[in-house]
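*Asks:* Mind having a look at this structure? Questions to follow.
The values are calculated or read from the model by the stated rules, or taken from the named source; none is laboratory data. None of these values were measured; they are calculated from a predicted model. Note: ideal-geometry Cβ built from the backbone for every residue, glycine included; neighbour counts use all protein chains shown.
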Amino acid sequence: MKRRATLEEQEAERKVRRRIFKSGFWVLTLLAAVFLLWKLSSLLLPMVVGAFMAYLFRPLKDRFQIPWLHHELRVLTLFAVIGCALFMTGNTVRRHIPDEREKLELKVRIKYKMNEKFQELVGTNDKQKRGGVVAQVLIKELGPMMDKINKFIDLPPEEQELFMKYRTGHAGQPPIEDRFFDYFQANQTTSVYTVQDREPASVRPEHESMANVGQGANVAQSSHHEDFTIWIIAPLIFIFLGFDNGQIRRYIIGLVPNRYFELSLTVMDELDDAIGRYLRGTLMECALVGATLAIGFILVGIPVSIAIAIGVVSGLVNAIPFLGTVIGLIIGLAYALVAENVTPLIPGLNPNDLTVYVCILVFIAHMLDNAIYAPIVLGKAVNLHPLVVALAIVSGSLLGGAWGMLFAIPTVVVVKTAVETLFKELKDYRII
Amino acid sequence: MSVRKFVAEKLLWETLKRWKKSSPELDRLTFLKTVPFFNELSNWQLHKVSGVVFDRTYEAGELIFEQGQPGAALFLITEGQVSVEIYKDHFTATLAVLEQGAFFGEMALLDESPRSASARSLGTTRTLALYRNDLTRLIHTDPETASHIFRALARIVGDRLRSTNELVQGANLDEKISA
């Protein structure tokens with residue numbers, strides 16, 4: 001009897017020790033996790049991007065079934081197929097990326113066309129309108145911005161020299177067209193729209209400024225190297241998550257106490273389902289908006305390669321609610337302002353009204369998105385209050401800039417779905 | 001069975017035998033082969049099922065699942081004993097004691113209806129759990145394997161319904177005779 005009591009006491013002590021050990025272990029783990037998160041915060045974004053890509057890739061992997069092929073070989077085959085597709089796409093895209101000569105032409109053209117449109121707007125190229133009240137207000141309000149843009153896209157002396165070389169034919173390339181040379185000359189006389197009230201900051205000895213340029217180059221190089229080191233994580237995460245055949249899920253479930261086994265399986269599954277539906281739905285929605293814009297731009301006469309490029313970018317930024325449409329409109333308008341020799345495919349359209357057509361197209365794409373695309377592809381995936389969306393985007397931009405804005409809504413969706421599912425299941429399993 | 005499939009199966013089985021003579025993987029496959037649920041499956045298909053089941057170990061007296069909770073998984077006993085209990089009006093009755101090789105909670109593979117009884121571990125018990133949605137996913141990724149499992153499930157449910165009918169009919173007959 002006494003021996004049994006001693007054994008029970010020993011068991012009770014063991015239980016207390018186990019509880020203390022477990023609590024201590026979890027506190028230490030939590031502290032270590034917080035410390036690592038804080039210290040390695042720069043790795044967080046590449047990891048999230050890699051995991052995100054793997055998440056999107058998973059349904060494709062699940063569908064790609066070859067019964068006699070081992071899992072790893074199957075994934076490798078799929079990676080090879082995707083790699084080939086990416087390589088071919090990259091090659092096609094690279095062909096449409098302007099080379100050095102075309103870049104110079106584009107810069108000259110953008111500066112000329114932009115100033116031409118601005119001067120038309122404020123009437124500074126029309127002697128009769130000059131000095132009007134509206135013109136004065138526009139110059140006062142938009143002038144500083146135009147000056148900044150002009151300064152940004154202005155050709156530095158070495159590029160001007162290069163332009164002059166290409167003008168007569170250089171590096172086996174044909175000479176630059178006369179109209180671009182005219183633009184180039186006109187750009188030299190572009191006036192400053194605001195009165196400079198301060199001395200330019202760049203008045204300093206030449207050797208000092210050259211040294212700073214060298215230092216700047218070194219800093220930029222080391223920053224690129226650092227970026228590369230950090231971003232190499234993303235494809236690695238993608239590849240290793242791609243090879244995962246349920247081991248991670250099994251490991252996590254293995255840590256869960258028996259009492260919550262079925263509950264955790266259900267929660268994980270519902271969460272996975274809801275997030276997957278939302279992310280894939282959003283991707284589909286973005287693709288549809290991008291395709292609509294690209295087709296529309298082609299129809300109003302924008303060259304196919306540029307229309308596709310604008311469509312892709314506008315489609316991607318469409319993932320940011322509210323701002324996506326605005327950014328798409330800005331990109332479209334920016335091109336419309338510098339476009340020339342536009343021949344619309346739809347008869348009856350006036351090429352000079354390209355900016356109007358771009359506005360109409362973006363409006364149509366936005367309406368289609370709200371009325372047809374989003375309800376069909378997203379359905380009732382996740383309903384977020386507009387105020388929550390706005391707050392999430394602002395917070396995302398403050399915390400992580402452009403990437404923060406892009407990932408703000410998916411993060412809110414993950415947290416919202418996790419909390420909702422967890423509470424529902426905890427109630428169903430009569431735990432709370 | 002196609003030649004490619006046959007060769008792959010042989011390769012897998014032979015490889016496992018050679019390199020994993022006492023591995024948990026082989027143990028699990030050997031065990032799964034003995035369960036009536038999976039007796040129609042080939043080695044390759046068993047390997048797939050083995051990849052989606054979870055190992056769970058329960059201590060003596062621990063509840064595996066509780067009556068009234070939503071069901072999500074089927075359990076196969078690989079080691080130990082489990083008592084199936086029903087709780088009504090503050091009384092608990094043991095319906096059956098299941099041993100190694102038996103399975104329980106199979107209705108959870110069909111729907112989310114609440115568990116009709118509780119399952120409690122008697123002594124240390126090791127189980128394999130097959131989650132409903134993993135089986136549902138198998139319909140898309142490997143319809144042949146999934147159809148074999150669902151056919152076995154239908155057969156088992158049918159057998160149980162038949163025996164319940166026989167029990168009810170027997171009880172009715174006894175009542176009539178006594179009347």
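*Asks:* Please enumerate the residues belonging to region B:103-114 that are within 10 Å of another protein chain (Cβ to nearest Cβ) and crowded, with 21+ Cβ neighbours inside 10 Å.
*Replies:* Correct list: B:Gly105, B:Ala108.
*Asks:* Would you be able to tell me the number of residues in region A:243-258 that are at the interface with another protein chain (Cβ under 9 Å from one of its Cβ atoms), over 30 Å from A:Leu384 (Cβ atoms) and in a helix (DSSP H, G or I)?
*Replies:* The number of residues fulfilling the criteria is 3.
*Asks:* Regarding region A:35-52, can at least one residue be identified that is within 14 Å of another protein chain (Cβ to nearest Cβ), among the basic types (Lys, Arg) and under 27 Å from the mean Cα position of the chain (by Cα)?
*Replies:* No.
*Asks:* Name the single residue, out of those in region A:128-179 being among the small types (Gly, Ala, Ser) and surrounded by fewer than 16 Cβ atoms within 10 Å (Cβ to Cβ), that is farthest from A:Val192 (Cα to Cα).
*Replies:* Looking at the filtered set, the residue picked out is A:Gly172.
*Asks:* Which one is surrounded by the most Cβ atoms within 10 Å (Cβ to Cβ), of the residues in region A:257-273 that are without any contact (Cβ under 8 Å) to a residue 24 or more places away in the chain and within 36 Å of the chain's Cα centre (by Cα)?
*Replies:* A:Leu265
*Asks:* Continuing with this model, one more query. Given the criteria farther than 30 Å from A:Leu426 by Cβ, modelled with pLDDT of 85 or more and among the charged types (D, E, K, R), does B:Lys33 qualify?
*Replies:* Criteria met by B:Lys33.
*Asks:* I'm trying to understand the selection: among the residues of region A:387-432, which are over 21 Å from the mean Cα position of the chain (by Cα) and more than 22 Å from A:Leu265 (Cβ to Cβ)?
*Replies:* Listed by number, the list holds a single entry, A:Leu387.
*Asks:* Checking the conditions here, which among A:Phe297, A:Phe240, A:Phe261 is within 14 Å of another protein chain (Cβ to nearest Cβ), assigned to a helix (DSSP H, G or I) and at pLDDT 85 or above?
*Replies:* A:Phe261
*Asks:* Additional query: Restricting attention to region A:340-371, report how many residues are in a loop (DSSP other than H, G, I, E, B) and either in contact with a strand residue (DSSP E or B) (Cβ under 9 Å, 6 or more places away or on another chain) or surrounded by fewer than 17 Cβ atoms within 10 Å (Cβ to Cβ) (or both).
*Replies:* Adding up the residues that qualify gives 8.
*Asks:* Among the candidates A:Ile409, A:Ile393, A:Ile376, which residue alone is exposed (fewer than 13 other Cβ atoms within 10 Å of the Cβ), aliphatic (A, V, I, L, M), away from chain B (no Cβ under 14 Å) and farther than 30 Å from B:Glu66 by Cα?
*Replies:* Exactly one of A:Ile409, A:Ile393, A:Ile376 is exposed (fewer than 13 other Cβ atoms within 10 Å of the Cβ), aliphatic (A, V, I, L, M), away from chain B (no Cβ under 14 Å) and farther than 30 Å from B:Glu66 by Cα, namely A:Ile376.
*Asks:* Which pairs turn up if I take residues in region A:139-157 that are in contact (Cβ under 8 Å) with a residue 24 or more places away in the chain and look for partners that are in a helix (DSSP H, G or I) and surrounded by 10 or more Cβ atoms within 10 Å (Cβ to Cβ) with beta carbon separation below 6 Å, at least 6 apart in sequence or on another chain?
*Replies:* Pairs that qualify, where the first residue is in contact (Cβ under 8 Å) with a residue 24 or more places away in the chain and the partner is in a helix (DSSP H, G or I) and surrounded by 10 or more Cβ atoms within 10 Å (Cβ to Cβ), are A:Ile139/A:Val122; A:Met146/A:Phe118; A:Ile153/A:Lys107; A:Ile153/A:Ile110; A:Ile153/A:Lys111.
*Asks:* Any idea how many residues of region B:52-85 are at the interface with chain A (Cβ under 7 Å from one of its Cβ atoms), in contact (Cβ under 8 Å) with a residue 60 or more places away in the chain and part of a strand (DSSP E or B)?
*Replies:* Residues meeting the conditions: 3.
*Asks:* Something else now. Being under 17 Å from the mean Cα position of the chain (by Cα) and within 12 Å of another protein chain (Cβ to nearest Cβ) is the filter here, so list the residues in region B:136-155 that pass it.
*Replies:* B:Thr136, B:Leu138, B:Thr145
*Asks:* Looking only at helices (runs of 4 or more DSSP H) that fall completely inside region A:1-110, which ones have 2 or more residues that are aliphatic (A, V, I, L, M) and closer than 30 Å to B:Ile139 by Cα?
*Replies:* Helices (runs of 4 or more DSSP H) meeting the threshold: A:41-63, A:71-96.
*Asks:* Return the residues of region B:37-51 that are assigned to a loop (DSSP other than H, G, I, E, B) and within 9 Å of chain A (Cβ to nearest Cβ); say none if nothing qualifies.
*Replies:* Matches in region B:37-51: B:Gly51 only.
*Asks:* Looking only at region B:21-77, count how many residues are loosely packed, with under 14 Cβ neighbours inside 10 Å and in contact with a His (Cβ under 8 Å, 6 or more places away or on another chain).
*Replies:* Selection size over region B:21-77: 0.
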